[in-house]
Amino acid sequence: MTPPKQTKQHAEIFPELTEEVIARMKDAREPRLREVMTLLIRHLHSFVREASLTQDEWFSAIQFLTRAGQMCSGDRQEVILLSDILGVSMLVDAVRNASGHGITDSTVLGPFYTGPQRELPNGDTILLREEDAEPLVMRGRVSDPDGRPVVGAKVEVWQTSSNQLYDVQDSNQPRGNLRATFRTDAHGNYEFRTVMPVSYPIPDDGPAGQLLQQMGRHPFRPAHIHFMISAPGYRTLVTHLFLAGDKYLASDAVFGVKPSLVVAPERHHDVQTITFDFGLASSQGN
């Protein structure tokens, strides 16, 4: 199907409707809401005109969004998946979280963060059962942009099991498996034991997965470990570390890979080890 071209005729279709919808927000209590909704309405109306949407197509879109909402539960967030696969989550992150010298790149949160987990001493394991995967030691330091240690920073981590599923997707896993919280020590250091992460497909049995298939895309994410690092006075860092050499690095289903976040384990004392230092941005100005 050849996409319709935007013409002067399209632009002139019912322009007074757009202006009336916007004008009716004049009494909105929140200026930011009025600002954002004005932009959304203008772009949405322009999209309808440019695409020459039919009523059947618009109703299909409504049904699609309805199914996405119906798929959501305490353990699954289909709308976040939809945002992720369309690149919106990464774009919002890029707009709000500028990186810079001494500041680690951020990336998407993803739909499988389930809140703070049990707090463990540095060096402990995040496994609650045996995993059929190679052991991995993850260690490093958390500092400010000038390299000074951030003491007592909260380091939250989570990842899939070797069967490509998070604990909330798998009734055979104990809740909290491969999730934990740590605190950096007096030198800003953290360390924990886990297993090598694996690439996995995002849930593709719902509307987001069906859309991926229709767009000719695969649902896989490259192997990674999630991190959320927070401390008073600093901007919370949400990021991943990805394994070098993974075949999905260049085609991550949610566009989350950044070169600075790709790491290669090295063997120390006969155990695969990743050493990675995180830099936090000041919360001032955010």
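The values are calculated or read from the model by the stated rules, or taken from the named source; none is laboratory data. On a predicted model such as this, the values are computed, not experimentally measured, just so you know. Here Cβ is always computed from backbone atoms with ideal geometry, including for glycine, and neighbour counts include all displayed protein chains. For accessibility, only protein heavy atoms count, side chains too; no ligands or nucleic acids. Shrake-Rupley method; radii C 1.70, N 1.55, O 1.52, S 1.80 Å.
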Rounded accessible area of TYR234 (nearest 10 Å², 1.4 Å probe): 60 Å²
Label point at GLN272 placed 7 Å out along Cα→Cβ; residues across the range 228-249 whose backbone nitrogen lies under 17 Å: 241-249
At a Förster radius of 45 Å, what calculated FRET efficiency corresponds to the Cβ-Cβ distance of ALA51 and ALA133, to the nearest 0.05? 0.45
Whole-angstrom gap from the range 34-61 to the range 88-105, using each part's C-alpha centre: 28 Å
Cα-only radius of gyration and Dmax that characterise the range 148-213, units Å: 16.1, 49
How large is the accessible surface of MET37 in square angstrom, using a 1.4 angstrom probe and rounding to the nearest 10? 60 Å²
Quickly estimate the mean residue ellipticity at 222 nm for the chain, helices only: each DSSP H run with n ≥ 4 gives -39500 (n - 2.57), and the total goes over all residues, rounded to 500. -8000 deg cm²/dmol
Rounded to the nearest 20 debye, what is the charge dipole size of the chain about its Cα centre when +1 sits on each Lys and Arg Cβ and -1 on each Asp and Glu Cβ? 560 debye
Which value, in nm² and rounded to one decimal, describes the direction-averaged projected area of the C-alpha convex hull of the range 203-286? 8.2 nm²
So what J values fall out for the range 224-235 if you push phi through Karplus, 6.51 cos²θ - 1.76 cosθ + 1.60 with θ = phi - 60°, rounded to Hz, Gly and Pro as x? 7, 10, 7, 9, 10, 10, 9, 6, x, x, 10, 6
May I have the convex hull volume per residue, in Å³, for the Cα set of the range 96-255? 131 Å³
Keeping all protein chains in the complex and leaving out DNA, RNA and ligands, what accessible area do you get for ASP167 with a 1.4 Å probe, in Å² to the nearest 10? 10 Å²
Beta bridge orientation in the chain: antiparallel %, DSSP, nearest 5: 75 percent
Dipole magnitude of the range 104-210, debye to nearest 20 (Cβ charges: Lys/Arg +1, Asp/Glu -1, about Cα centre): 360 debye
Which one of PRO149, ILE85, THR184 has its Cα pushed farthest toward the positive end of the charge dipole of the chain, where Lys and Arg give +1 and Asp and Glu give -1 at the Cβ? PRO149
Under the 0.36 nm per residue contour assumption, what length would be gained going from the current alpha-carbon distance of GLN70 and ASP205 to full extension? 47.3 nm
Debye-sum result for the range 72-177 in log10 I(q)/I(0), which assumes one identical scatterer on each alpha carbon, at q = 0.21 Å⁻¹: -1.29
Among PRO219, GLY245, SER260, flag the residue with its Cα farthest along the positive direction of the charge dipole of the range 215-285, charges on Cβ as +1 for Lys/Arg and -1 for Asp/Glu. PRO219
Scattering curve values for the range 1-122, log₁₀ I(q)/I(0), Debye with Cα scatterers, q = 0.10, 0.18, 0.21 Å⁻¹: -0.54, -1.26, -1.29
Give the average over all directions of the projected area of the C-alpha convex hull of the chain, one decimal, in nm². 18.7 nm²
Charge dipole magnitude, Cβ of K and R +1, D and E -1 - the range 34-133, Cα centre, debye nearest 20: 520 debye
When every protein chain stays in place and a 1.4 Å probe is rolled, PHE220, PHE59, PHE227 sorted by accessible area with the largest first are PHE59, PHE220, PHE227
